[in-house]
Structure formats: structure tokens, C-alpha cells
Amino acid sequence: MGCMFGPVRWSWLSTCGLTEDPCQIGAGVSLPGIMAAKCGAEVILSDSSELPYCLEVCRKSCEMNNLPQVRVIGLTWGHVSQDLLALPPQDIILASDVFFEPEDFEDILTTVYFLMQKNPKVQLWSTYQVRSADWSLEALLYKWDMKCVHIPLESFDADKEDIAESTLPGRHTVEMLVISFAKDSL
């Protein structure tokens, strides 16, 4: 994978978020945040503060991609920490495949809500694999005064059998959504 600044290399494991000066909360493999940084965005990567190995993987991905300016911090969905309190206002939060356990959905949206208090125009951009048609964010979005817009994958050529010469999404159903405050329009 690459952008106009060259190829991207990454290590496996973690979770993250992003802004125009992006913050990736739950960095997963940190690929979305690393790509954004390689393309010139100011990025903060994060993963669970309870998973120091994942934070180290994020640091290694930054090192492998010559991105010493990218901060890596420990944030855990649903927990208010010093690092969360110290985050500057965000514009975009990249959250790659974080909606995989329904019991975590409210913790994710609680953290996003906290970040929306710092910048009401912040948006959470997320792609996720649909694991059950019974799982829904609708009630939680209503509770937290948020809205969700589904982004068709074909709108950015991601509706193919294999994306970027990978086997993704394969036979899996992948969705993209943008979450924001309900009172703001996209």
C-alpha cells in the first residue's frame, strides 16, 4: 500500500482514531493512521492503555515508516484518562473495525462523545466487518445525540472482491459509516 509519499509498512495488532490533525483511537494495525501520516496529516495513534504490546506495535509501525512526529498514546474506550483529557480538539477520528463486540459499542460512543465536546464538528470515520445483522448502533446514537451516515463502498472504489491486491473484503460484508453530532450536517 502507498500514497504519493511512498510505500507504507506496518506491524500487525492494535486499535485507533484521526483528525484533520488526525487522532486514531484504537490503531489496530495502525494502517489508516500511518497512511494518513504518510500523506501529510498530523496524526496521533492510540490503542488500549491496557495493552502495552499494541502500543509498542504502533510505535514500531511509526519507526518503520520514518514517522517520528506521530505520537502514540494509550486510550481505552469508555475510560477518561490523562491522555484523553490532554488530547487537543480532533477533526476526524479513524476507527478501523472497532464495532466487533456489541458490549463495547457504548464505550466507543462515550469516548467519541467526550471528543465531540472539545470539537462539536468532529466526525468518526469507521469501516467495519458486519458480523451480525442483529447488531445496531441506532439506540446508542439516539442516546448520545449522534447520527450515522453510511458511505457506499462503491463511492471510493472499495466494492471489489479484492482491495489493494489483498483478499479483502473477500466474502465478508464491509460497511463504512461516518458518525457525528445529530445537530450538525455532513
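Would you list, by chain and number, the lysines whose Cα falls below 16 Å from the Cα of Lys38, excluding same-chain residues fewer than 8 positions away?
Leaving aside lysines fewer than 8 places away in the same chain, those within reach of Lys38 are Lys60.
Counting only heavy atoms of the protein chains, get the accessible area per residue of region 22-151 (1.4 Å probe) and round it to a whole Å² value.
Working: 6250 Å² over 130 residues.
Result: 48 Å² of accessible area for each residue.
Rank these by accessible area, largest first, 1.4 Å probe: Tyr128, Tyr113. Before the final figure, lay out the partial values.
Working: Tyr128 40, Tyr113 70 Å².
So the residues, ranked largest to smallest area, are Tyr113, Tyr128.
Short version: ³J(HN,Hα) in whole Hz for each residue of region 75-86, in order, from phi by Karplus 6.51 cos²θ - 1.76 cosθ + 1.60 (θ = phi - 60°), x for Gly and Pro, what are they?
10, 10, 3, x, 10, 8, 10, 4, 5, 5, 4, 7
State the answer as a single residue: which of Met146, Val112, Leu67 lies farthest towards the positive end of the charge dipole of region 22-151, with beta carbon charges of +1 for Lys and Arg and -1 for Asp and Glu, about the Cα centre.
About the Cα centre, the residue reaching furthest to the positive side is Leu67.
Please report the accessible area of Lys183 (heavy atoms, 1.4 Å probe, ligands and nucleic acids excluded) in Å², nearest 10.
140 Å²
Given points 7 Å out from each Cα along the Cα-Cβ axis, report the Cys39 to Asp107 separation in nanometres with one decimal.
Going by the 7 Å Cα→Cβ label model, 3.0 nm.
Starting from the Cα of Lys121, step 7 Å toward the Cβ, then list every residue of region 51-90 with an amide N under 12 Å from that point.
Taking a point 7 Å out along Cα→Cβ of Lys121, the residues of region 51-90 whose backbone N falls under 12 Å are 90.
With the full set of protein chains in place, find how many percent of the accessible area of region 22-151 is carbon and sulfur; take the probe as 1.4 Å. Before the final figure, lay out each step's value.
Working: 3410 of 6250 Å².
Using a 1.4 Å probe with all protein chains present, region 22-151 comes out at 54 percent carbon and sulfur.
Using the alpha carbons of region 22-151, what is the convex hull volume per residue in cubic angstrom, as a whole number? Present the calculation step by step, with values, prior to reporting the outcome.
Numbers: hull volume 14.4 nm³, N = 130.
With only Cα atoms used, region 22-151 gives 111 Å³ per residue.
The values are calculated or read from the model by the stated rules, or taken from the named source; none is laboratory data. Treat the numbers as computed from the prediction; the structure is a model and nothing was measured. When we count neighbours, we look across all protein chains shown, and the Cβ atoms used for this are built from the backbone with ideal geometry, even at glycine. These accessible areas exclude ligands, DNA and RNA; they are computed on the full protein's heavy atoms, side chains included. Shrake-Rupley method; radii C 1.70, N 1.55, O 1.52, S 1.80 Å.
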